[in-house]
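No lab work stands behind these numbers, since they all come straight from the coordinates. Bear in mind that the values here come from a model prediction, so they are computed numbers and not experimental data. Reconstructed Cβ throughout: ideal geometry from the backbone, glycine too, with neighbour counts over all protein chains shown.
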Amino acid sequence: MSALDDLPIRDDLRGAEPYGAPQLIVPVVLNVNENPYPPSEALRREMAEAVVRTGATMNRYPDREATGLRSALANYLGHGLAVNNIWAANGSNEVMTHLLTAFGGPGRSVLTFTPTYSMYPEYARNTFTRYVTVPREPDFTIDAARALEAIDRHRPTLVLVTTPNNPTGTSTPLEVIDRLCSATDAIVVVDEAYQEFSRGPSALELLRHHPRLVVTRTMSKAFALAGGRVGYLAADPAIVDACRIVRLPYHLSSQTQALAEVALRHADELLAKVRDLAAETRAFQEWLVDRGYDVVPSDANFVCFGTFPDRHAVWQALLDRGILIRETGPEGHLRASAGTPQDMAALRTALDEIDPLQKQETQ
Ligand SMILES: *Cc1c(COP(=O)(O)O)cnc(C)c1O
């Protein structure tokens with residue numbers, strides 16, 4: 001066996017570590033913003049039957065264009081969108097990689113607003129796209145004037161706005177997105193991974209005014225289909241055509257397409273808990289404020305809170321009690337996803353237990 005460093009790995013990958021949140025088996029899992037409710041027995045059966053049917057043509061490649069799935073997604077989104085406005089891939093992370101591959105690359109840059117999703121810099125690196133960041137305001141919103149000035153200075157070919165933002169949960173008003181789109185020739189990608197949890201309007205409303213606007217979504221969060229690996233975008237058909245050029249051949253397996261189509265037929269059931277989870281998020285925020293924590297107002301299904309002198313110690317103390325949350329976000333903060341009422345009760349109890357030891361020793 002040779003050491004990784006002995007291999008002719010790309011110079012810019014030397015010393016890099018595979019990124020990802022710890023996957024631990026514990027009773028309360030609140031670290032990656034999943035929907036905590038699995039599909040019903042009936043829906044599971046229907047998914048299994050759909051997969052069995054794909055077995056009859058397993059010797060053949062799947063539909064390269066995923067036409068059935070993309071029309072079901074268009075139908076779900078509404079807004080007058082059709083199949084040629086939609087692109088789908090293995091998670092919205094793969095969709096993002098397609099966009100960076102098609103519109104980024106050597107000598108080009110993608111501009112985004114930090115703190116934000118920790119995977120973006122990796123996709124930029126993998127596609128040789130320069131990653132340019134503009135800090136968000138102290139309340140984690142985006143100041144349109146500062147954003148425009150940065151776009152003017154860096155001339156990115158892609159601008160990436162995450163709303164609600166991960167890890168802060170902050171929404172960006174449509175007026176800001178509209179201003180950015182009007183002021184740049186860049187492709188403006190709005191990552192709406194958590195949009196279904198938000199009470200604000202979707203950037204889908206702006207699509208018909210801005211042919212270079214792209215809205216990405218995922219079935220991993222609200223839709224409770226993280227294991228299925230399906231993400232998608234809505235945009236002008238020319239942008240979909242660009243993604244079709246750079247995708248790997250037959251990138252979406254027939255099982256993935258079949259599972260996602262079943263899920264979309266039962267969107268009502270799968271999305272039924274979204275309101276509850278949003279309410280759970282709000283209740284947890286109020287509880288945290290009551291206890292004297294700093295809480296970033298969230299429009300998503302997670303909460304970023306602090307301020308801990310030693311956040312790792314708090315994360316570990318929770319894990320010792322069987323609760324896994326995420327060590328991410330601004331300095332001194334942790335992020336917890338909304339779980340079932342039982343999950344949240346366990347988290348509150350545990351925080352109260354460790355509070356005197358770890359919380360806000362600074363005055
Ligand atoms: C979870 C998440 C995604 C979704 O990733 P998938 O690959 O679709 O599972 C995308 N963007 C953000 C900001 C996320 O937090």
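Details
- Residue identified as among the charged types (D, E, K, R), surrounded by fewer than 21 Cβ atoms within 10 Å (Cβ to Cβ), more than 24 Å from Leu158 (Cα to Cα) and in contact (Cβ under 8 Å) with a residue 60 or more places away in the chain among Glu205, Glu269: Glu269
- Selection status of Pro62, over 20 Å from the mean Cα position of the chain (by Cα), surrounded by fewer than 14 Cβ atoms within 10 Å (Cβ to Cβ) and either away from the ligand (no atom under 16 Å from the Cβ) or farther than 16 Å from Tyr250 by Cα (or both): no
Condition check ((1) touching a helix residue (DSSP H, G or I) at 6+ places or on another chain (Cβ under 8 Å); (2) within 20 Å of Cys304 (Cα to Cα)) across all residues:
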residue	(1), (2)
Tyr117	no, yes
Arg136	no, yes
Phe140	no, yes
Leu148	yes, no
Arg153	no, no
Pro164	yes, yes
Ser171	no, yes
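- Counted residues, the stretch 286-327 - those being under 22 Å from the mean Cα position of the chain (by Cα), crowded, with 20+ Cβ neighbours inside 10 Å and in a loop (DSSP other than H, G, I, E, B): 5
- Options Ser182, Ser220, Ser198: the member that is among the polar types (S, T, N, Q), more than 30 Å from Asp63 (Cβ to Cβ) and within 15 Å of the ligand (Cβ to nearest atom): Ser198
- Selected residue (only one of Thr168, Thr163 is in contact with a Cys (Cβ under 8 Å, 6 or more places away or on another chain) and surrounded by 20 or more Cβ atoms within 10 Å (Cβ to Cβ)): Thr168
- Flag: Val188 does not match the condition of being part of a helix (DSSP H, G or I), more than 10 Å from the ligand (Cβ to nearest atom) and closer than 21 Å to Ala145 by Cβ.
- Conditions (1) away from the ligand (no atom under 16 Å from the Cβ); (2) farther than 23 Å from Phe197 by Cβ; (3) not acidic (Asp, Glu); number of the one not met by Pro297: (2)
- Here the stretch 69-101 is the region considered, the condition is being polar (S, T, N, Q) and more than 15 Å from the ligand (Cβ to nearest atom), and the residue that is surrounded by the most Cβ atoms within 10 Å (Cβ to Cβ) is Asn85.
- Any hit, the stretch 104-115, residues being part of a helix (DSSP H, G or I) and within 16 Å of the ligand (Cβ to nearest atom): no
- Look at the stretch 67-88: where a residue is under 17 Å from Val214 (Cα atoms) and a partner is part of a helix (DSSP H, G or I) and among the polar types (S, T, N, Q), sitting 6+ places away or on another chain with Cβ atoms under 6 Å, you get Val83/Ser71.
- Val134 satisfies every condition listed in (1) over 21 Å from Leu73 (Cβ atoms); (2) away from the ligand (no atom under 15 Å from the Cβ); (3) of a type in the set (Val, Ile, Thr); (4) touching a residue at least 24 places away in the same chain (Cβ under 8 Å) except (4).
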